[in-house]
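None of the figures in this text is laboratory data; all of them are computed from the coordinates on show. Just so you know, these numbers come straight off a predicted model, no measurement behind them. As a convention, Cβ positions derive from the backbone with ideal geometry for all residues, glycine included, and neighbour counts pool all protein chains shown.
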């Protein structure tokens, strides 16, 4: 079933369950995520993003996932990840997304990021949609708190393993201070890179985490395995192998978070 971002976040907090947010760019991976969520009975923040190298329009992918999710018992909230462009934000809201997040890169000026996020959050609010702020780096708690206050986002995405441009371990004290400073749900953008830190991060106050690169890697690995079998000739067989690989990967991450 489809639910709003606010409902997903509040229910996750009440049930003491993490928010799992897979980033999906094609139908095969979308189907794998839906199957995994249904099998594990896990609520999902389903993030749809455009793939410049893909052949399926984002609008078609969004319609497909929305129709599939509407007939499932599992709770699904649909989010669109869009570039920092006014036209992209307006198009995403026109499709009927439950929430938005911005594709922000290091070259984006910080002041531009704050202003644009604030504008996008206001636009989303007018369409009764939520907005998740995205910070590529957390320099200080004071600046992070100011970002949340100035933009009015409903939740925040930050890297929790990144310190001074290098990977490190999770700091429970830092995460507790971060959650206390921003007072909104904090989602980790990089925990998939270090699964052993998922539970410590969740215990320290992180509300959930995104899955992105790991899904593409699982799908590609599954297809490569199938390609080694020279007796297989139907393309659907290769795709099915990739779907099964992604489904198992998502299920493993869900189990790691429990």
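Sorted on the mean count of surrounding Cβ atoms within 10 Å across their residues, most packed first, peptides 198-211, 1-14 read 198-211, 1-14.
Assuming a ≥ b ≥ c are the square roots of the Cα gyration tensor eigenvalues, decide whether the range 186-258 counts as rounded (a/c under 1.5), prolate (otherwise, with a/b larger than b/c) or oblate. The shape class here is prolate. Taking 0.36 nm per residue of separation and subtracting the Cα-Cα distance, full extension of the segment from residue 1 to residue 59 would add 18.9 nm.
Sorted into 5 angstrom bins from 0, the C-alpha pair distances of the chain split as 1, 6, 14, 17, 20, 18, 13, 7, 3, 1, 1, 0 percent.
Length available on full extension from residue 90 to residue 196: 0.36 nm per residue minus the Cα-Cα distance, which gives 34.3 nm.
You can think of it this way: the chain between residue 74 and residue 122 has 14.4 nm of extra reach, that is 0.36 nm per residue less the Cα-Cα gap.
Helical runs assigned H by DSSP (4 residues or longer) give the chain a calculated mean residue ellipticity at 222 nm of -16000 deg cm²/dmol, each run adding -39500 (n - 2.57) before division by the residue total. For residue 141 and residue 213, what is the calculated FRET efficiency with R₀ set at 22 Å and r taken between the beta-carbons, to the nearest 0.05? Efficiency, from the Cβ-Cβ distance: 0.20. Distance from the alpha carbon centroid of the range 2-76 to that of the range 176-214 works out to 19 angstrom.
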